[in-house]
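The values are calculated or read from the model by the stated rules, or taken from the named source; none is laboratory data. Keep in mind that what you see is a predicted model, and the values were worked out from it rather than measured. Here the Cβ positions follow ideal geometry from the backbone for every residue, glycine too, while neighbour counts run over all protein chains shown. These accessible areas exclude ligands, DNA and RNA; they are computed on the full protein's heavy atoms, side chains included. Shrake-Rupley method; radii C 1.70, N 1.55, O 1.52, S 1.80 Å.
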Amino acid sequence: KFTRVRVITTTDATCIPQQEFVSEHLDRLYNVVFPPIDDTLQEVGYTHLPQLDIVMAFAVSKAVRRAITEVYPDATFTNASAVVLGRIATFCKRQQLPDGALFAYTTPWQLFLYSVGNDKLLFANSFPLDQPKDSLFYLLSVWKTLNLNARKHQCYVAGESGSVEYLSEEAKKYLQNINVMSLSMES
């Protein structure tokens, strides 16, 4: 017996401002960003992130949802991007971090990048990694796109251990303020 079952998908996700979110239009909102899903195989789910007043929409396999809810009827579904972003937003509030920081959550196969300021989401994107070394390219590209200052702004790196060590050490060659933070999707 489990007291709580939460399924974390790694499917494509997009952020919707809470004031623009209408659950009846969820598929249409999701399809503004991604190609239409095959609604015989998938459905669009969502997770509300009250810390940032946004909704994260993501695709879920209908077969997976059905199989899990048959055994665990109260199971909840969310997305990896929503979990990471929610934890980063909570971390920012607790630590009262300066605005303009870039947050990276890295694994061997994916990089999530976020920027949060004044309790608002300023930037969010994820990048599939063909090789872990690609994470540095994406991090520096986003850093430049956001016009962040290499000496002034902070970069926080979290994720899976080998990926964090690589990205934080390589990023230190280009950015002055690299901070490794403890953040996990599992906890």
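Numbers at a glance
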| quantity | calculated |
| --- | --- |
| Solvent-accessible heavy-atom area per residue, rounded to whole Å², over the chain at 1.4 Å | 57 Å² |
| Relative contact order computed over the chain (Cα-Cα under 8 Å; 6+ residues apart), in percent | 17 percent |
| Of L111, L167, L122, the one that fluctuates the most in a GNM where the chain has Cα springs shorter than 10 Å | L122 |
| Lysine pairs within segment 19-166, Cα separation less than 21 Å, 8 or more sequence positions apart or different chains | 6 |
| R0 of 22 Å, Cβ-Cβ distance A63-H25: FRET efficiency to nearest 0.05 | 0.35 |
| Rounded to 5, percent antiparallel among DSSP beta bridges of the chain | 70 percent |
| In sequence order, calculated HN-Hα J values of segment 115-120 (Karplus, 6.51, -1.76, 1.60; Hz; x Gly/Pro) | 9, 10, x, 6, 6, 10 |
| Amide H within-cut-off set for Q42, under 5 Å, with H built and near neighbours excluded | K62 |
| Cα-based Rg / Dmax (Å) for segment 111-187 | 12.1, 34 |
| Karplus-derived HN-Hα couplings along segment 49-60 (A = 6.51, B = -1.76, C = 1.60, θ = phi - 60°), whole Hz, x at Gly and Pro | 10, x, 4, 10, 6, 10, 10, 9, 9, 8, 7, 9 |
| Inter-part distance where segment 153-185 and segment 26-77 are each reduced to a Cα centre, Å | 30 Å |
| Tail beyond 28 Å, pair distance distribution of the chain (Cα, percent) | 28 percent |
| ³J(HN,Hα) computed for each position of segment 128-140 - Karplus, 6.51 cos²θ - 1.76 cosθ + 1.60, integer Hz, glycine/proline x | x, 10, 6, 8, x, 5, 5, 4, 5, 4, 5, 4, 5 |
| Amide proton proximity set for L129, modelled H, under 5 Å, gap of 5+ | Q110, L111 |
| Other-chain or far-sequence residues with amide H under 5 Å of T11's (modelled H) | A80 |
| Reachable aspartates and glutamates, given that their alpha-carbon falls under 18 Å from the alpha-carbon of K1 and they are not under 8 places away in the same chain | E70, D74 |
